1. Expected output is a single nm value to one decimal: the length gained when fully extending between ILE44 and VAL217, i.e. 0.36 nm times separation in residues minus the C-alpha distance. What is it?
2. Just add up the charged neighbours of ILE44: K/R +1, D/E -1, any other residue whose Cβ is under 11 Å from the Cβ of ILE44.
3. Between beta-carbons, use under 14 Å as the cut-off and find the net charge around GLU197, counting Lys and Arg +1, Asp and Glu -1.
4. Expected output is a single nm value to one decimal: the length gained when fully extending between GLU76 and GLU120, i.e. 0.36 nm times separation in residues minus the C-alpha distance. What is it?
Amino acid sequence: MVELREGWASVPAGVRVVEGENGEPCVTWTGEERGETSEESPLIEFAELSAYSETESAVAVAAFIERHGPLRMCAEHEVEHGSPGHGRCTLLHPEPARLWLDHSADVRRVLAVWESLKAERDPDPYGIRGPKPSGWDPDRQRVEVERLGRELGVPSSELTEFHQEIDRFSEERKAKDKVIEAQGEVIQRYQPTTPAEWWKWIGARVNDGLWSYRPFVHLEIGSGSEGLRPILQTAGLLARVYLALAFEVAGVGSVESCSHCGRFYVPNRAPKKGQRNYCPACRSAHVPQRLHMRERRSE
């Protein structure tokens, strides 16, 4: 078994929806810690955030943060604040609801393709929340085009044509429809068509998330007879989400919460429904045996 340890294991107090500098809905919080993060995996709840509109999502994001904590992203780079090399970067605060929608949609698309492959249906990941923006914003559109290009492996020359078209029609209302129509053509041209290609697509998307948010394993020196034990460390929420996503689509296990101390860990096999489970630290401390003896004495 491997213990999972989070870089941020607390949720903030004073979570509320505010209006950002450009008028977009954002979520803010105070610097105080309100309590520990939820023991439940955030994966499905996080993916479902992208089903909301940009305006409605702010309330859902606030509720999510109260259970699992914020993204805690670096304001200058697309990485989690505090990850290697970004400990001194500025923390993005407040967090735009749009940013949450983008990250949630990435995860939701992977889960949608995975579910379709299991059911032997043709995947349609962009039918859930397409690459088009909610409003015509040339800068936002460039980001959407780059994201789409990375997902589908579109040649850089084709992306250049998109950017030129955005520049050419950036002041005309018809530009949005033109670019969206061109994006639809690219999706049809470059998205996978066979199950093998879709599995490769899933692997590439999940690996990209794991590489970007970098959960990592290190050995910790135990006390007494414990010796060395492996610790799976996550820097923040997105590392935990992509770790759970990797386990889900690979079907090799899951991230569980210890029934005694609440720590997250990766068991050798998934516990049965309703069954107590214990992390490596609690097992080394003989917690299951002590609890069993205590229950027997109380009978």
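1. The span from ILE44 to VAL217 would gain 59.9 nm if fully extended.
2. With Lys, Arg at +1 and Asp, Glu at -1, the net is -3.
3. Counting the neighbours of GLU197, the net charge comes to +1.
4. Gain on extension, GLU76 to GLU120, equals 11.7 nm.
Just so you know, all these numbers are worked out from the coordinates, no wet-lab data involved. Everything numeric in this text was worked out from a predicted model, so none of it was measured. For neighbour counting, all protein chains shown are included, and Cβ atoms are generated from backbone atoms with ideal geometry for every residue, glycine included.
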